[in-house]
Amino acid sequence: MNQDTFDLLSTVEYGGCSAKLAPTELTELLNTIPLLKSSNIMVDIETHDDAGVYKINDETALIVTTDFFPPVCSDPYTFGQIAAANALSDVYAMGGTPLLSLNLTMFPSQDIPLTVLRDILAGGQDKINESGAFTMGGHTIEDAVPKYGLAVVGTVHPDKLVTNSGIKAGQKLILTKPLGIGVLIAAQRLGMAEDAAYEAALAQMKLLNKVGAECMRPYHITGATDVTGFGLLGHATKMAQASGVSIQFESDKLPILPSVIDLLEMGCVPGAAFRNLKYVKDDIHVANTCSTEHKMVACDAQTSGGLLIAVDADKADSLLADLHASGLHPDAAIIGEAIPQRNKAIYLL
């Protein structure tokens, strides 16, 4: 990695998954575009799932996804690691194994040294290699603000597919990574973040959801998602609606990165959190016992966030123990449960 490198955060106002379009407007736009249908399509855009799934035969289905965004940190190599981990996560969330990847890169070659691009790609390749996928090439264009990510193809047995429509009432909800990444990214840009807290956020973003997915496989999970740009409440709302249940979260059980609540109390609330709150406001009930800070951290846009897994209640403690025993998910926690469908999709207590 080049140590005398360009500060990528100097090029952006919103980085990582905070740069995504507002979900409300995006949903309205996509609803106007007709799509071809096929009996082989197991999952498409209709359920707002993590990726599309196409059945090849009785043994194999392809998971197809893509994700890319502007810099989320200053260091190019770290940015590459985070962007690749984030793109690969959709395959893990659906119970699959990454197979192939393509680099998607936008870069201003006249304004930033090409060594920076090399480091971004090297960081991305580090995570692709860790996943076991094969890089097949990619595409690079000139653009004023650097952006990087992947198109990924994974495989899964059709009978072992995990979707956001597979939750059942009575199941417990486990979150594998702590929340607050968007808050700490914003705080770092404003010079408000403590070094240890920001480093903890970087470590979580670089962490593949590979082990989390491996831990959930023995439990025959059918409902899960990864928590990214739409925040915990945004992704959970889609899960509840797709599954025909409601979800009840206990705000005091949410795993949260260090310093995040203090930063929220000081007014460091990213714009993406407000956009996500607007998106879900008609579908959630927030109890009086839930603090404003916990409500906003539940709306905080996560970049390369954790898996939200629905597991049978009698198996939840065992799955949680496996996640902790892995050494990679010490903050994993049971944060709520699925309940029979009520007036609201989400109840935040």
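The values are calculated or read from the model by the stated rules, or taken from the named source; none is laboratory data. Just so you know, these numbers come straight off a predicted model, no measurement behind them. Using ideal geometry, Cβ is built from the backbone for each residue, glycine included, and neighbour counts are taken over all protein chains shown.
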Single unsatisfied condition, E293 versus (1) part of a loop (DSSP other than H, G, I, E, B); (2) at pLDDT 95 or above; (3) out of contact with any strand residue (DSSP E or B) (no Cβ under 7 Å at 6 or more places or on another chain) = (1)
State whether one or more residues within the stretch 126-142 are among the polar types (S, T, N, Q), free of Cβ contacts under 8 Å to residues at least 40 places away in the same chain and within 27 Å of V211 (Cα to Cα).
-> yes
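Answer yes or no as to whether R189 is over 30 Å from I339 (Cβ atoms), among the basic types (K, R), touching a residue at least 24 places away in the same chain (Cβ under 8 Å) and outside any strand (DSSP E or B). Explain how you work it out, then say what you get.
Numbers: over 30 Å from I339 (Cβ atoms): yes; among the basic types (K, R): yes; touching a residue at least 24 places away in the same chain (Cβ under 8 Å): yes; outside any strand (DSSP E or B): yes.
Spelling it out, R189 is indeed over 30 Å from I339 (Cβ atoms), among the basic types (K, R), touching a residue at least 24 places away in the same chain (Cβ under 8 Å) and outside any strand (DSSP E or B).
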Out of (1) in contact with a Leu (Cβ under 7 Å, 6 or more places away or on another chain); (2) more than 28 Å from K147 (Cα to Cα); (3) surrounded by 18 or more Cβ atoms within 10 Å (Cβ to Cβ); (4) among the hydrophobic types (A, V, I, L, M, F, W, C), the one A287 does not meet is (3)
Taking the stretch 191-247 as the search range and keeping residues that are among the acidic types (D, E) and surrounded by fewer than 24 Cβ atoms within 10 Å (Cβ to Cβ), which one is farthest from G132 (Cα to Cα)?
-> E194
Which one is surrounded by the fewest Cβ atoms within 10 Å (Cβ to Cβ), of the residues in the stretch 49-77 that are touching a helix residue (DSSP H, G or I) at 6+ places or on another chain (Cβ under 6 Å), of a type outside the set (V, I, T) and in a loop (DSSP other than H, G, I, E, B)?
-> S74
Residue check for D111: modelled with pLDDT under 95 and either in the same structural domain as G305 (by TED's automatic domain parsing) or in a loop (DSSP other than H, G, I, E, B) (or both) | yes
Tell me, yes or no, whether the stretch 245-262 has at least one residue that is assigned to a helix (DSSP H, G or I) and of a type in the set (F, W, Y).
-> no
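Of the residues L254, L208, L232, only one is within 17 Å of I334 (Cβ to Cβ) and within 15 Å of the chain's Cα centre (by Cα); which? Working first, answer last.
Values: L254 fails: within 15 Å of the chain's Cα centre (by Cα); L208 fails: within 17 Å of I334 (Cβ to Cβ).
Only one candidate qualifies: L232.
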In the stretch 28-48, residue modelled with the highest pLDDT [restricted to those that are under 18 Å from the mean Cα position of the chain (by Cα) and assigned to a helix (DSSP H, G or I)] = I45
